[in-house]
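The values are calculated or read from the model by the stated rules, or taken from the named source; none is laboratory data. Just so you know, these numbers come straight off a predicted model, no measurement behind them. Here Cβ is always computed from backbone atoms with ideal geometry, including for glycine, and neighbour counts include all displayed protein chains.
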Amino acid sequence: MGFEERTALSGSFLFFIFFKNAKKIKKLKVVEMMFEKRQDYKNWRKRNNVRLWDVSKYINLSEGTISRWENDMRDIPDWKIELYDRFIQEYEKANDK
């Protein structure tokens, strides 16, 4: 196999890798959080007497991780934030008076 053939082959392989990951890149988006600040999630929980344990079980993260996220001490994946938002929406829908 000559240099040109190897270059063409490696180029097509790199294109395949890029194309395979392009689907993942399309899925990346900026998440519109329900609240403007992370602290507001904590305030919502306190106002509604929702335990950190309930949220952690719903979004499958530890209580400590969620607490640190709410207090701006660490990040969590965007899709976990979307689950937190869904938890809030379902909670409010179930407790709508």
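Odds and ends about this structure:
- Residue in segment 59-68 that is outside any loop (DSSP other than H, G, I, E, B), surrounded by 15 or more Cβ atoms within 10 Å (Cβ to Cβ) and touching a residue at least 40 places away in the same chain (Cβ under 8 Å) present: no
- Close pairs from segment 28-42: first closer than 18 Å to residue 92 by Cα, partner at pLDDT below 85, Cβ under 6 Å, at least 6 apart: 41/35
- Between 29, 37, 57, the distinction of being at pLDDT 95 or above and of a type in the set (Lys, Arg) belongs to 57 only.
- Filter result (in contact (Cβ under 8 Å) with a residue 24 or more places away in the chain and under 15 Å from residue 57 (Cβ atoms)) within segment 70-85: 83, 84
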